Amino acid sequence: MRLCRYTHRSAGGNRIGVVRDGAVFDVTAALEALPAHRYPFPPGDQMIAGLDGLRPKMEALADAGVGVPADELAFLSPVANPTKIIGVPQNYEEHAQEATADHGISQGKPRRKMEDQGLFLKASSALVGPSEGVALRFGDRRTDHEAELGMIIGRHGSDIAYEDAMGYVAGFAIAMDMVVRGPEDRSFRKSVDSYAVLGPWMVTADEIADPGALDFFLSVGGEMRQKNNTANLILDLPGQIVWASKFYSLYPGDIIMSGTCAGVGRVQPGDVMHLEFQSIGAMDVPVRAHAVY
Ligand code: MN
């Protein structure tokens, strides 16, 4: 199933949809079956947490509904409430090499092994969907795109074993780990509002036979910038879950951005980033200057 969160471009709203053959079917009513919670709310995204139970109703609503063409809708992040967004640094060899060679990225520091860098966190407040776009701050500084496979955790886990790891995944989406280059801590520079993009929808894990072998690319204004395949990940997808869950409890809706490939580059206001992932789909992400009123 392809599950999206969207608004109507004119009417607004916050709807949940099932995507079939380029059409979106409104299945928001299925969420009425979610348990009513009172403070303190349980951690994690409750739609993702309850997805197995919601899914038959969602499919039935889609069967009975009338679809709206996807290109008439504005897509939000398919996950509304992750407790955290986990990043994997320098997880494609050619990107690790370009990052080390590029002073703007490495700040002149020598390459470190991934296990010495550790994972990093992006603030969940940075999360947007493609229709919301990226609002550049610090226009005098370099902000780069990083195209990545986004892995969405489906259930709570800690100290997860390698052979069990993929059973914790609810689905996959296209992810962008936007970053201001500079000397500050990585998590600070990657947590600017709108610097975590997820979309255009989540494809449930059962629909992707091998997420470790997906072609993807990112272009800007028709110029190819990043092109690779998730088979070239240094630390593979289950390995990322194992490592992350040694340090953090994972909760439904948590997002792991699995690392980017070579070809990262600067964007400017007015650019439109186009991303495509095999078995997931495509999305356009516009870039604007952050306005302070
Ligand atoms: Mn990244």
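Readers should treat all values here as calculations from the given coordinates under stated rules, not as data from a laboratory. Quantities reported herein were computed from a predicted structural model and do not represent experimental measurements. Note that each Cβ is placed from the backbone with ideal geometry, even for glycine, and that neighbours are counted across all protein chains shown.
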Next item on the list: Choose one of Val24, Ser77, Leu3: the residue whose Cα lies farthest towards the positive end of the charge dipole of the chain (beta-carbon charges +1 Lys, Arg; -1 Asp, Glu; about the Cα centre).
Entry: Ser77
Checklist line | Other-chain or far-sequence residues with amide H under 5 Å of Val169's (modelled H) | finding: Gly154
Next item on the list: Return the loop-located trypsin sites (Lys or Arg not before Pro) in region 1-68 (DSSP other than H, G, I, E, B) with at most 12 other Cβ atoms within 10 Å of their own Cβ; answer none if there are none.
Entry: Arg9, Arg38
Check: Which order do Thr143, Thr260, Thr28, Thr204 fall in if you start with the one that has the fewest other Cβ atoms within 10 Å?
Finding: Thr28, Thr204, Thr143, Thr260
Notebook entry, point to check: Given Cα pairs under 8 Å that are at least 6 residues apart, what percent is the relative contact order of region 174-232?
Noted result: 25 percent
Check: In debye to the nearest 20, how big a dipole does region 141-221 give about its Cα centre with +1 on each Lys and Arg Cβ and -1 on each Asp and Glu Cβ?
Finding: 520 debye
Margin query: As an exercise, identify the trypsin sites (Lys or Arg not before Pro) in region 66-152 lying in DSSP coil whose Cβ has no more than 10 other Cβ atoms within 10 Å.
Written below: Lys113
Next item on the list: Would you mind calculating the relative contact order of the chain from Cα pairs under 8 angstrom and at least 6 residues apart, reporting the percent as a whole number?
Entry: 24 percent
Note to self: Order these by the 10 Å Cβ neighbour count, fewest first: Glu115, Glu207, Glu148.
What the structure shows: Glu115, Glu207, Glu148
Next item on the list: For an R0 of 35 angstrom, estimate the FRET efficiency from the Cβ-Cβ distance between Asp206 and Ala36 and round to the nearest 0.05.
Entry: 0.75
Check: Sorted from fewest to most neighbouring beta carbons within 10 Å, what does the list Val68, Val88, Val197 look like?
Finding: Val68, Val88, Val197
Notebook entry, point to check: How big is D, in µm² s⁻¹, for the chain by Stokes-Einstein at 10 °C and 1.306 mPa s if Rh is the Kirkwood radius over C-alpha pairs?
Noted result: 82 µm²/s
Check: Taking Lys84 as the anchor, which lysines have their alpha carbon closer than 22 Å to its alpha carbon, excluding any fewer than eight residues away along the same chain?
Finding: Lys122, Lys190, Lys246
Next item on the list: Calculate the dipole size of the chain relative to its Cα centre from +1 charges on Lys and Arg beta carbons and -1 charges on Asp and Glu beta carbons; express the result in debye to the nearest 20.
Entry: 920 debye
